[in-house]
Amino acid sequence: MEFKSKYLQGVYNTVEKRNVGEPEFLQAIKEVLESFEPVVALKPELEAKGIIDRIVEPERFIQFRVSWVDDKGKVHVNRGFRVQYNSAIGPYKGGIRFHPSVCASVVKFLGFEQCFKNSLTGLPMGGGKGGSDFDPKGKSDNEIMRFCQSFMTELSKHIGADTDVPAGDIGVGAREIGFMYGQYKRLRNEFTGVLTGKGLTYGGSLARKEATGFGTCYFTEEMLKCMKNDSFKGKTVVISGSGNVAIYANQKATELGAKVVAMSDSAGYIYDEKGIDLDVLKQIKEVERARISEYAKRVSGATYTEGCRGIWSIPCDIALPCATQNELNGEEAATLIKNGVIAVSEGANMPSTPEAVEAFQNAGILFGPAKAANAGGVATSGLEMSQNSMRYSWTFEEVDAKLQDIMVNIFHAAYNAADKYGVAGNLVAGANIAGFEKIADAMIAQGVAY
Ligand code: NDP
């Protein structure tokens, strides 16, 4: 018996039976259900109305073939996915990931987490997620375009500005969103806010590109202030990854007075004692789409080490895992703790294994879980949807101020929910519960529709 509540145990057993061979999905379900123990104990109507039974099962799961032709004329077949997880509080909303590791388990774990994250933002967005096992690395722009067009040809049948609004994620940035948006428009003959993360010339929001990384730092700054009377100022920071989230987490941490000394990609990590030169890094990653090892060739004094996981052996005050799921395990957490880390915030989705989370919590390290700490991206996507509906655009400063407000509110929602349910200081439980309560209320009000 893994759960105290018989109801939760029964729900988990069913999920386990129905989703054989899906470890990431089961990991996410288990973590969230564990947090619901005190809520289920206090609210018997959750069992009576089958809320947890329903919330763990996606409303819809779509899998499709994506065929495309490379520059040499060879035909390739990839697999496309969209999970429309929960629409109780708004249209499905969540990113699209292009990475060879994408499968049903990964899409479902991300979609499940997304429901609670979106609820936490306070904006009216349900949860969804999608992607493909297509690997964009090494492909030409034309190959990327043909793949995106093929992918959208099927996806377009299932999405819409009031139905399901995808965005970017790993391997999907402004270029891919542009190609997908173009194809959607061509198929539907509609200029509508069906995707977020769009380019600024065709309905994108200022500050969307920066939002997840900036948001992670706003959340962390509030967590440091309220729980430790501290801040980023003067701190040494390590950030894994060097994609969209990692780059803008670096920028904001630096603006808040910290020094970011290490970053990584899936092949290795760089260390720059003086603090990473973000202009050089952006040129390498955003303009040239090259490997992070280039940085050490261009900046004197910087080093490159093969193997991305070694990054956690670098001493730091604040660690921001911003690459991918399960990239930080129990042993690596122990090393960070031994080296004096005081706060960890997750820019990526589920980057810390359950053993790592437990190690941080047992050691009293401040821990900002992904669904709270990285909600700034989807929050700003929500703001992009509002601007599209209004046919209007806010300035960078207006969007950034709203983002900052939302991240501060998310911290307090998670902190207060943890307190209310007797797990004070546990932001993992607090974020899950705060996100859940709103969805559960909406599901109860709407009856057994799904
Ligand atoms: P990008 O594709 O821009 O960057 C991903 C980064 O992570 C790259 O540096 C990549 O290295 C690295 N990476 C990917 N897979 C692995 C792996 N298996 N091991 C080590 N490193 C890896 O993606 P994003 O920055 O957009 O996303 C990063 C994380 O943040 C994901 O977990 C995503 O779900 C989450 N997130 C993103 C949001 C957004 O707005 N973009 C919003 C909320 C969460 P390489 O180039 O070598 O593959």
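The values are calculated or read from the model by the stated rules, or taken from the named source; none is laboratory data. Quantities reported herein were computed from a predicted structural model and do not represent experimental measurements. No Cβ is skipped: glycine too gets one built from the backbone with ideal geometry, and neighbour counts run over all protein chains shown. What goes into the accessible areas is simple: the full protein's heavy atoms, side chains included, and nothing from ligands, DNA or RNA. Shrake-Rupley method; radii C 1.70, N 1.55, O 1.52, S 1.80 Å.
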Original post:
Given the chain, what percent of its DSSP beta bridges are antiparallel, to the nearest 5?
Top reply: 55 percent
**OP:** For region 185-277, run through the chymotrypsin sites (Phe, Trp or Tyr not before Pro) and keep only the ones in DSSP coil with at most 13 other Cβ atoms within 10 Å of their Cβ.
**Re:** Phe191
Original post:
In region 138-287, what % of DSSP beta bridges are antiparallel (nearest 5)?
Top reply: 60 percent
Subject >> Extension gain, Glu273 back to Lys137 (0.36 nm per residue minus Cα-Cα distance, nm) >> reply: 46.0 nm
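Report in % the part of the accessible area of region 222-302 that belongs to carbon and sulfur, leaving out ligands and nucleic acids; probe 1.4 Å. Each step should come with its number before you reach the end.
Working: 1610 of 3470 Å².
Ligands and nucleic acids excluded, carbon and sulfur reach 46 percent.
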Subject >> Rel. contact order, % - alpha carbon contacts under 8 angstrom, at least six apart, the chain >> reply: 15 percent
Original post:
Leaving out same-chain residues fewer than 8 places away, which lysines sit with a Cα under 23 Å from that of Lys43?
Top reply: Lys4, Lys6, Lys30, Lys117, Lys420, Lys438
**OP:** Give a quick list of GluC sites (Glu not before Pro) in region 361-443 that DSSP marks as loop, anything other than H, G, I, E or B, with at most 11 other Cβ atoms within 10 Å.
**Re:** none
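Using only alpha carbon pairs under 8 Å that are at least six residues apart, calculate the relative contact order of region 82-226 and give it in whole percent. Don't skip to the end; give the middle numbers.
Values: 234 pairs, mean separation 34.5, N = 145.
Relative CO of region 82-226 lands at 24 percent.
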Subject >> GluC sites (Glu not before Pro) restricted to region 126-219 and DSSP loop, no more than 13 other C-beta within 10 Å >> reply: Glu190
Original post:
How far apart, in nm, are the 7 Å Cα→Cβ label points at Lys282 and Ala363?
Top reply: 3.3 nm
Subject >> Ellipticity estimate at 222 nm from DSSP helix runs (n ≥ 4, -39,500 (n - 2.57)) divided over the chain, nearest 500 >> reply: -14500 deg cm²/dmol
Original post:
Based on the Cα coordinates of region 375-450, what is the per residue volume of their convex hull in Å³?
Top reply: 115 Å³
Original post:
Kirkwood-based Rg over Rh for region 204-320 (C-alpha set), two decimals?
Top reply: 0.97
Subject >> region 110-267: Cα Rg divided by the 2.2 N^0.38 Å rule of thumb >> reply: 1.18
Original post:
Counting only residues 5 or more places away or on other chains, whose amide H sits under 5 Å from the amide H of Gly94 once H atoms are built in the peptide plane?
Top reply: Gly128, Val165, Ala167
Original post:
Using a 1.4 Å probe on the protein chains only, how many percent of the accessible area of region 144-212 belongs to carbon and sulfur?
Top reply: 52 percent
Original post:
At q = 0.11 Å⁻¹, what is the log10 ratio I(q)/I(0) for the chain, with the Debye formula run over Cα points and no solvent?
Top reply: -0.83
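Using a 10 Å cut-off on Cβ atoms, rank the peptides 124-130, 338-344, 284-290, 402-408 from the highest mean neighbour count down.
On the way: 124-130: 27.0, 338-344: 18.1, 284-290: 14.3, 402-408: 20.3.
In descending order of packing, they fall as 124-130, 402-408, 338-344, 284-290.
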Original post:
Counting only Cα, what are the radius of gyration and maximum Cα-Cα distance Dmax of region 262-340, in Å?
Top reply: 12.7, 37
Subject >> Residue-normalised accessible area of the chain, given per residue in Å² at a 1.4 Å probe >> reply: 40 Å²
**OP:** Summarise the accessible area of region 377-450 (1.4 Å probe, protein heavy atoms) by the percent that is carbon and sulfur.
**Re:** 52 percent
Original post:
Tell me, what is the 1.4 Å probe accessible area of Cys115, in Å² to the nearest 10?
Top reply: 10 Å²
Original post:
What's the FRET efficiency of Ala41 with Ala445 using the Cβ-Cβ distance as r and R₀ = 25 Å, to the nearest 0.05?
Top reply: 0.65
Original post:
If you project the alpha carbons of region 11-141 onto the principal axes, what extent comes out on each, in Å, largest first?
Top reply: 62, 33, 20
